[in-house]
Amino acid sequence: MTAIESTFKKRAQAAVANKTLKAAIERTASTAEKKRAIAIAELPDFSNMRSCAKRIKDHVIANLDHYLETFERNAVASGAKVHWARTAEEASHIAVDICKMAKAKRVTRSKSMLGEEIGLPHALELAGIECVETDLAEHIVQLAGERPSHIVWPAMHKSREEIFSLFKSKHEKPPVSEEIADLVLSARRDLRQKFLTADVGISGANFLIADTGAVCVVTNEGNAELTTTPPKVHIVTAGIEKLVPSIEHAFVLLRLLVRSATGADITQYTTFHCGPKRPNDADGPEEFHIILVDNGRTQMLADGMEEMLRCIRCGACMNHCVVYRQVGGHAYGGTYPGPMGAVLTPVFDGLKQSRDLPHACTLNGRCAEVCPVGIPLPTLLRQLRSRSWRSGYEPWLTKANVSVWAQFAKRPKLYHAVSKIASKVIRLFQKNGRIRWMPLAGNWTRHRDLPAPASRSFMQLQRSRHKENGS
Amino acid sequence: MMPDQKPEQFSKAKNSPSSPRIGLFVTCLVDLFRPNVGFAAIKLLEDAGCEVFIPKSQTCCGQPALNSGDVENTKTIARQVIEHFESYDYVIVPSGSCGGTIRTHYPEILADDPEWTERAAVFSSKVFELISFLTDIRGISTVQARCEATATYHDSCSGLRELGIKQQPRRLLFSVEGLTLREMDKAENCCGFGGTFSIKYPDISNAIVSEKTEAIKESGADLLLGGDLGCLMNIAGKQSRQGQKVRAMHVAEILANMSDGLAIGEED
Ligand code: SF4
């Protein structure tokens, strides 16, 4: 067992034992599951929309170079500055440099998983720049010194009581009660002045519109608008897979994104940014930077993982995942949790370190069933498992077990002879048809009984019945 | 087929030329833990006018290797299963996950092997899970069976999502005399088995199966049915540890009127 694997197991074990966490996850995820089901049922033709969305994404990914160039050309024409980053480090360097050029002391950031992926909050901190998270849930997570546990609800692991005591200790004017309205008011008070005094605003992007060079950001709190409008400089960080040919295509995806994420028809705020402030505009940033981030994405194309690039970060796969629902997002240890995280974390952080994530899945297929862009997540997880096997990352004991078993499975006569003996031995441990404990079966019998093998196998019984029948 | 691996024909009657010839892949779990499911499958298939053969050379479909990432061994096992079963009109499997492995994943893993691509594709089109074969291919809509029980049906994931098995078992169960079907909450939720997952991540698996047994208890059923022995052993094992009195059986046993014996995990 590698150190990281045991870390994952430890985290998962602790999470499973944590009843408060379980209640918090269940509350949000089960609501999301129900709302999504209603929203999808109301759509005239979900499967058609899904295949349309899938085709749009596949088309863009197959013609990535073309759309990247088109986007860059149009963005530059609108007055934006476009930067290219191959790695996470490069991307956060570029962002920090822009902040330094602007002599920024304080930056505001609206929720962006890519920002987390490239380690931007940390890079800003190292550069001595204050980074204020403006999404309510991100604000909570930042105050608590934690990381997001869900890509749509970063603070879903926190109970209202925990948030109340957090705000009480961290806000200048603490909330007057545990009521949601009071908590929101308290956060708003705390954030409002920071919005207006920030030097740079940093956002992510839900879509990059190639034919106009515009960037589309959706939120439910309006914090992205306050993050990106008042400061003099607006930086967008976006993965290159966010490209779509035109606004029409963005809307096809947007309809699916919102329904899959929250079950709503549309987000409260859907904003398109196209270039910096123009001469007659009332407001807007003077500088508009777009950092296009690869960070392993083109490698995914080369590695046969291109289907993952369709992901629109809706979170439906984790809301419907039996494992995520038990362990929550932090157990996964990467930026992205749940099924999509189990595919992405090995790409971003290395398969060797995170080889357990693709295994921590029952391959039940529910995630692929709900994914609005039809990503075959279990297939990709299987792919990662076999890559890990080939690369020699699997623990030797697993390899030995499977290899020995396979030697028998490939030799039917031997297999039946050995399994006859094994059944006899296993039956020694049975009482009333069940085994409560047996050497080497502790991981099974720790939590449940093992039904005893039959005294005679089907093959044995069948052979004797066959003989009795005299044929 | 290898000479020393002559299949054993089990069917006695129904040798009419029009009877489809079935190669029954009993699965390793049924072979070792629940032979009755194999006999139930034979009866159901014969009642549906099929001639059933049980190739001696069968072992396991290869899922433990496939799900561990051991592609080479999976390929060898897949080729072996294809060789031993491809001469039959149909290959029938009393399990959604083994059926799914053979039908869906064999062609995938052999796709890069030009000698086998076509062969695997042809083969996979003949592979069916038992219950869906009876209803969808043989057009069976009722069975002659009796079972006094209130049953609840767990939809195993591979059967449901890889093979589209949902209504087929329920439709046949409706014709079982004395049986009442009562749906549990979230019947489509995974039971936390996942093959080797249950052993690699016992605590997560336990948390998941505990929700399943809770839902079964809530349903008020006294009999749990399903189409996959792995899931049934997982759930029945948890129920027995919790001291629950719900019995567990494979759906084929009920449909074949072989439900008066011992349930899963009862002394034999
Ligand atoms: S993998 Fe699919 S379901 Fe999961 S976040 Fe991405 S788009 Fe949504």
Cα long-axis angle, helix B:202-219 against chain B (0 to 90 degrees, to the nearest 10): 60
Using the Cα centre of the protein assembly as shown as the reference point, and only Cβ charges (+1 on K/R, -1 on D/E), how large is the resulting charge dipole? Debye, rounded to the nearest 20. 1940
Cβ neighbours within 10 Å from other chains - mean over A:435-448: 5
Result for chain A, cysteines with no Cys Cβ partner under 4.7 Å, is A:Cys52, A:Cys99, A:Cys131, A:Cys216, A:Cys274, A:Cys311, A:Cys314, A:Cys321, A:Cys361, A:Cys371
Using the Karplus equation 6.51 cos²θ - 1.76 cosθ + 1.60 (θ = phi - 60°), what ³J(HN,Hα) coupling, rounded to whole Hz, does each residue of the range A:46-55 give in order, writing x for Gly and Pro? 4, 5, 5, 4, 5, 6, 5, 4, 4, 5
Rounded to a whole number, what is D in µm²/s for the protein assembly as shown from Stokes-Einstein with the Kirkwood radius over alpha-carbon pairs (25 °C, 0.890 mPa s)? 88
Based on the mean of other beta carbon atoms within 10 Å per residue, what is the order of B:18-24, A:381-387, most packed first? A:381-387, B:18-24
Taking only Cα atoms, what is the 0 to 90° angle, nearest 10, from helix A:160-170's long axis to the longest principal axis of chain A? 40
If every Lys and Arg gets +1 and every Asp and Glu gets -1 at its Cβ, then about the Cα centre chain B yields a dipole, in debye to the nearest 20, of 400
Formal net charge of residues neighbouring B:Thr135 (Cβ-Cβ distance under 12 Å; K, R +1; D, E -1): +2
Amide hydrogen neighbours beyond the local backbone of A:Leu243, cut-off 5 Å, H modeled: A:Leu208
Cβ neighbours within 10 Å from other chains - mean over B:71-78: 4
In degrees rounded to 10, the 0-90 angle between helix A:88-101 Cα long axis and the longest Cα principal axis of chain A is 20
What is the packing order of peptides B:166-173, A:92-99, taking the mean over residues of other C-beta atoms within 10 Å and listing the highest first? A:92-99, B:166-173
Assuming 0.36 nm per residue, please report the length gained on full extension of the stretch A:Thr298 to A:Lys170 beyond their Cα-Cα distance. 41.9 nm
Using just the helices of chain A, give the 222 nm mean residue ellipticity in deg cm²/dmol: DSSP H runs with n ≥ 4 each add -39,500 (n - 2.57), and the total is spread over all residues, rounded to 500. -16000 deg cm²/dmol
I'd like to know which of A:Ala102, A:Pro231, B:Thr59 lies farthest towards the positive end of the charge dipole of the protein assembly as shown, counting +1 on Cβ of Lys and Arg and -1 on Cβ of Asp and Glu. B:Thr59
Under 12 Å, Cβ to Cβ, from A:Tyr324 - net charge with Lys/Arg +1 and Asp/Glu -1: +1
For the range A:405-469, size of Cβ-based charge dipole, Lys and Arg +1, Asp and Glu -1, in debye: 100
Going by amide H atoms built from the backbone, whose H comes under 5 Å of the H on A:Cys131, apart from near neighbours? A:Val107
Lys/Arg +1, Asp/Glu -1 at C-beta; the range B:7-136 dipole; positive extreme among B:Gly100, B:Trp116, B:Phe128: B:Phe128
With the dipole of chain A worked out from charges on the C-beta (+1 for Lys and Arg, -1 for Asp and Glu) around the Cα centre, which of A:Ala24, A:Asn63, A:Leu309 lies farthest toward the positive end? A:Ala24
Evaluate the relative contact order of chain B (contact order divided by residue number), counting alpha-carbon pairs under 8 angstrom at least 6 apart; express in whole percent. 19
Under 14 Å, Cβ to Cβ, from A:Leu191 - net charge with Lys/Arg +1 and Asp/Glu -1: +1
Give me the inter-chain shielding for B:229-242: mean count of other chain Cβ atoms within 10 Å, whole number please. 4
Over 19 Å (Cα to Cα) among A:Lys35/A:Lys242; A:Lys35/A:Lys111; B:Lys186/B:Lys217; A:Lys54/A:Lys242; A:Lys352/A:Lys399; A:Lys431/B:Lys56 -> A:Lys35/A:Lys242; A:Lys35/A:Lys111; A:Lys431/B:Lys56
Excluding ligands, DNA and RNA, the carbon-plus-sulfur percentage of the accessible area of the protein assembly as shown with a 1.4 Å probe reads 53
From phi via Karplus (6.51, -1.76, 1.60), per-residue ³J(HN,Hα) for the range B:91-105 in Hz, x at Gly/Pro: 10, 10, 10, x, 6, x, 6, 5, x, x, 4, 5, 6, 8, 8
Any idea how far apart A:Asn432 and A:Val418 come out in nm if each label point goes 7 Å out from Cα toward Cβ? 3.4
Would you please put A:281-289, A:318-326, A:56-64, A:130-138 in order of how densely packed they are, using the mean number of other Cβ atoms within 10 angstrom per residue and starting with the highest? A:318-326, A:130-138, A:56-64, A:281-289
Out of residues 5 or more away from A:Arg434 or on other chains, whose amide H comes under 5 Å of its own, with H placed 1.01 Å from N in the peptide plane? A:Ala452
When only C-alpha pairs under 8 Å and at least 6 residues apart count, what is the relative contact order of the range A:374-463, in percent? 18
Could you tell me the total accessible area buried at the A-B interface, probe 1.4 Å, in square angstrom to the nearest hundred? 6200
What shape does the range A:405-469 take by its C-alpha gyration tensor, where a ≥ b ≥ c are the square roots of the eigenvalues and a/c under 1.5 counts as rounded, a/b above b/c as prolate, and the rest as oblate? oblate
Ordered by residue, what ³J(HN,Hα) values in Hz, to whole numbers, does the range A:29-41 give under the Karplus form 6.51 cos²θ - 1.76 cosθ + 1.60, where θ = phi - 60° and Gly and Pro are x? 5, 6, 5, 4, 4, 5, 5, 4, 4, 5, 4, 5, 5
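The values are calculated or read from the model by the stated rules, or taken from the named source; none is laboratory data. On a predicted model such as this, the values are computed, not experimentally measured, just so you know. All Cβ positions, glycine included, derive from the backbone under ideal geometry; neighbour counts span all protein chains shown. The accessibility values were calculated without ligands, DNA or RNA, using every heavy atom of the protein model including side chains. Shrake-Rupley method; radii C 1.70, N 1.55, O 1.52, S 1.80 Å.
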